[in-house]
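What follows is a set of notes on a single structure, which appears directly below.
Just so it is clear, none of the values below were taken in a lab; they were calculated from the coordinates. This structure is a prediction, so every number in the text was calculated from the model and none was measured. Quick reminder, even Gly has a Cβ in these numbers, built from the backbone with ideal geometry, and neighbours come from all protein chains shown.
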Amino acid sequence: MAENLGSDVSYVSESEGYNYDMVVFQEQKPPLDSELNLAQELKRIAGQRRLDTLPSGWLTLRPFYTSSSLSNSFYTQNPSTAIPEYALVNGMVVYVTNTHTDTNNANLIELGDPPSTGNRVNGVFLEVWRALLDPDTTDNKPDPEVVIDNLRAVYTYSENVAWTVGDNGLILNTENAGASWAIQLIDTKQPLNGVSFANSTIGWVVGNSGVIARTSSSGVRWTLLSSGLVENLNDVFAASQLIVWAVGDSGTILKTSNGISWAAQSSGVTTKLNSLYFYDTQVG
């Protein structure tokens, strides 16, 4: 049933066939390494059996993307709105990203120059290797200090609840004082530079290219709003559930009095505004 993963793991099941259906842990007793390894292996086998009948191939729900600026190449989807893509390889689901590009989630397929005469058929294939990792070394493992997305701002609502935002439309939320963070989804890949909440459920984020989004569900759902701007927005401050200000490049100041529609205010300057703070709904 299971693969022999070597002597560095605490337990290996060498039994043949599909002999187990589940692992039952004993109440008030810590699970054994053997039980955890067996549970993980059963989960992998169950998933593999569901996929074994499917043909290997690329899994994507978006059409390929090309343009006049691309020469003998195309993206597997629009790079400006790219989402994670996967490939099914002999029953294994493999995450595929950043092929020939640094754009998050995007994959650029590059083709050779066309022949001067005759016909040519191009094919795109994916090579996948499996490796046994030594638990005592860092070979083939991510460096824990590698930054995936830069974090740009944080808002703390209480001693337990906070949000932080950053590159590629990243929004993270914690409800246990930072012990763990959960990703919240938003329909933009623009860097987010500011976040502010009026209470535990209603909040706003702002980012590059005039991005503004609002939530009334503690971030479970974020709705993009129209700012009418292309300038980067660098900070946001919620004075109440309805009255909010945002500032950005070129002296930009925006205000909303209903939490949704925004109007420009004159700052009298054209320099970049990085942050703001209000004492109440009038004085800031």
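With Cβ to Cβ distances under 15 Å as the rule, what net charge do the other residues near residue 277 carry (K, R +1; D, E -1)?
Details: positive: 255; negative: 235, 280.
Net charge in that neighbourhood comes out at -1.
With each pseudo-label sitting 7 Å past Cα toward Cβ, what's the residue 61-residue 27 distance in nm, one decimal?
Rounded to a tenth, the inter-label distance reads 4.1 nm.
Which net charge results for the neighbourhood of residue 167, defined as the other residues with beta-carbon distances under 11 angstrom from its beta-carbon, given Lys and Arg at +1 and Asp and Glu at -1? Please report the intermediate quantities before stating the final value.
Working: positive: 152, 189; negative: 149.
Value of the local net charge: +1.
Enumerate by residue number the chymotrypsin sites (Phe, Trp or Tyr not before Pro) in the range 22-114 meeting two conditions: DSSP loop (anything except H, G, I, E, B), and at most 15 other Cβ atoms within 10 Å of the site's Cβ.
Working: sites: 25, 58, 64, 65, 74, 75, 86, 95; in loops: 25, 64.
Hits after loop and neighbour filter: 25, 64.
Provide the gained length on full extension for the span residue 116 to residue 90, in nm with one decimal, where the gain is 0.36 nm per separating residue minus the Cα-Cα distance. Provide the component values of the computation, followed by the final result.
Working: separation 26, 0.36 × 26 = 9.36 nm, distance 3.71 nm.
Answer, rounded to one decimal: 5.6 nm.
Extending each Cα 7 Å along its Cβ direction at residue 275 and residue 224, get the distance between those two points in nm, one decimal.
Result: 2.9 nm between the two label points.
Please label the shape of the range 151-265 as rounded, prolate or oblate, based on the square roots a ≥ b ≥ c of the eigenvalues of the alpha-carbon gyration tensor (a/c under 1.5 means rounded; beyond that, a/b larger than b/c means prolate, else oblate).
On the way: a/c = 1.88, a/b = 1.44, b/c = 1.30.
Cα axes put the range 151-265 in the prolate bin.
Using a Förster distance of 25 Å, how high is the FRET efficiency between residue 36 and residue 187, based on the Cβ-Cβ distance and rounded to 0.05? Show your work: numbers first, answer last.
Values: r = 38 Å, r/R0 = 1.51.
Using R0 = 25 Å, I get an efficiency of 0.10.
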